[in-house]
1. I'm checking my understanding of the structure. Among residues of the stretch 149-196 that are touching a residue at least 60 places away in the same chain (Cβ under 8 Å) and part of a helix (DSSP H, G or I), which one is surrounded by the most Cβ atoms within 10 Å (Cβ to Cβ)?
2. In the stretch 234-265, how many are charged (D, E, K, R) and surrounded by fewer than 16 Cβ atoms within 10 Å (Cβ to Cβ)?
3. Out of the residues in the stretch 76-99 meeting the condition of being among the hydrophobic types (A, V, I, L, M, F, W, C) and buried (at least 22 other Cβ atoms within 10 Å of the Cβ), tell me which one is farthest from T375 (Cα to Cα).
4. Can you find a residue that is in a helix (DSSP H, G or I) and within 23 Å of N91 (Cβ to Cβ) anywhere in the stretch 253-260?
5. Go through the residues of the stretch 215-226 one by one and say whether even a single one is touching a Pro at 6+ places or on another chain (Cβ under 6 Å), at pLDDT 85 or above, assigned to a helix (DSSP H, G or I) and closer than 30 Å to L311 by Cα.
6. Which residue pairs have Cβ atoms closer than 7 Å, lie 6 or more positions apart in sequence or on different chains, and pair a first residue in the stretch 51-78 that is under 16 Å from T348 (Cα atoms) with a second residue that is of a type outside the set (G, A, S) and assigned to a strand (DSSP E or B)?
7. Which of (1) at pLDDT below 85; (2) among the charged types (D, E, K, R); (3) within 28 Å of P357 (Cα to Cα) does R18 not meet, given it meets every other one?
8. Could you identify the single residue in A318, A330, A322, A295 that is in contact with a His (Cβ under 9 Å, 6 or more places away or on another chain) and part of a helix (DSSP H, G or I)?
Amino acid sequence: MNTGQRTNGTDTRPPPWRDVRVLRITVQVAFLAGVAALLWLLANNLVQNMQAQGMRTDFGFLGQAAGFPLAGADFSSRDSIWAALVVGLRNTLVVSAWGIVLATVLGVFVGIARLSSNWLVRKCAAAYVEALRNIPLIVFLLFLYLAILQQLPRINDAIDGGGFVFSNRGLYAPWFDVDDDSGLFLGFCAVAIVLSIVVVRWRTRRFNATGQPHHRIVWGAVTFGVVVGVAWLALGQPVSVTLPVLDGRTVSGGYELTVEHGALLLGLVLYMAAFVAEIVRGSILAVPKGQAEAANALGLSGAQRYRHVVLPQALRIAIPPAGNEFINLAKNSALGIAIAFPELLRVTRIAIGQGQPAPQLIGIMMLMYLAISLTLSLIVNVLNRRLGLRGV
């Protein structure tokens, strides 16, 4: 019998102070009000203390000149403090994005190697995972920076060969030289990506309808290459490849990766790949053995078994824990402060050291890290829902 119905003319609905739904809502509202009151009290206390010490409580200082340079960035001391924070945020995003991609690729290979039937491959992968997982990340970063990259030859004696230049000043690699009027070409590249996706989906639907081999990756790659190639020739080669050229103590052309940037990226990739490898190994072991046995019965090779049967199912299991590791990688990029890489935390510390108000700067930094973590969490949740089994 539903609450609120009448029986023999009597209302059976309980009074509000005994209604479970009313009590739940009341408790939640009271809790939120208490949290809001506590935050207001803390903020009011902070503002009063800052005013008592003569510190400014607004954010107008963000438009002032920073008064400090940032190595490895197009930034001068005349630029604003907000521009410095943007540079730090950009460096954090670049390191995090490349770190996630490279750590995922390396982690998948190491995780599969840990299950290899070859004794040497299996033990080498296990040694790599156990060694990296049991060393503090900051110690590993300092080792890469001080014991390896800082010990490279000076720029006068730099290692120059094969289109790469290595020295203790920086690492230089081939890169793309884009003209100022290459916007139309980039537009054609975007169109090529869309057409490639359309072709891939068309080949997939054809495979589902006829059972014929789809070769969708090949078709998509050829479509992209043809469209980009024709646009590149028609527009007069707006994008070219430039190689680093060593001339005395200067290097022109190519892409420059500072030693600090390289140490942080390499350390994050090698370190986090060990954790991703364990996630991949556990996810593969969680796939029922009957799936692999069925693949063997069909005559699939080891690579085909992993590609078509095991890894697609293991991916559903690996996404949630791997997402946690991706968020940890983005947050661990703050350890670049130990090797003087101008990421978000180091830029904030430098600005505070120049006499700028710490509460506002730390608050902005925390919001930026929170935005990065929430964005990664959103992407992982979307992938998890897309790849999850329907009806489960």
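The values are calculated or read from the model by the stated rules, or taken from the named source; none is laboratory data. Please read these numbers as outputs of a predicted model, since none were measured by experiment. Ideal geometry is used to build each Cβ from the backbone, glycine not excepted, and the neighbour counts take in all protein chains shown.
1. Among residues in the stretch 149-196 that are touching a residue at least 60 places away in the same chain (Cβ under 8 Å) and part of a helix (DSSP H, G or I), the one surrounded by the most Cβ atoms within 10 Å (Cβ to Cβ) is L149.
2. Final tally of qualifying residues: 2.
3. I81
4. Applying the first criterion (in a helix (DSSP H, G or I)) to the stretch 253-260 yields 259-260.
Remaining after also requiring within 23 Å of N91 (Cβ to Cβ): 259-260.
For the stretch 253-260, residues in a helix (DSSP H, G or I) and within 23 Å of N91 (Cβ to Cβ): present.
5. Pass one, the stretch 215-226, residues touching a Pro at 6+ places or on another chain (Cβ under 6 Å): none.
No.
6. Cβ pairs passing all conditions: A71/T258.
7. Tallying (1) at pLDDT below 85; (2) among the charged types (D, E, K, R); (3) within 28 Å of P357 (Cα to Cα), R18 fails exactly one: (3).
8. A295
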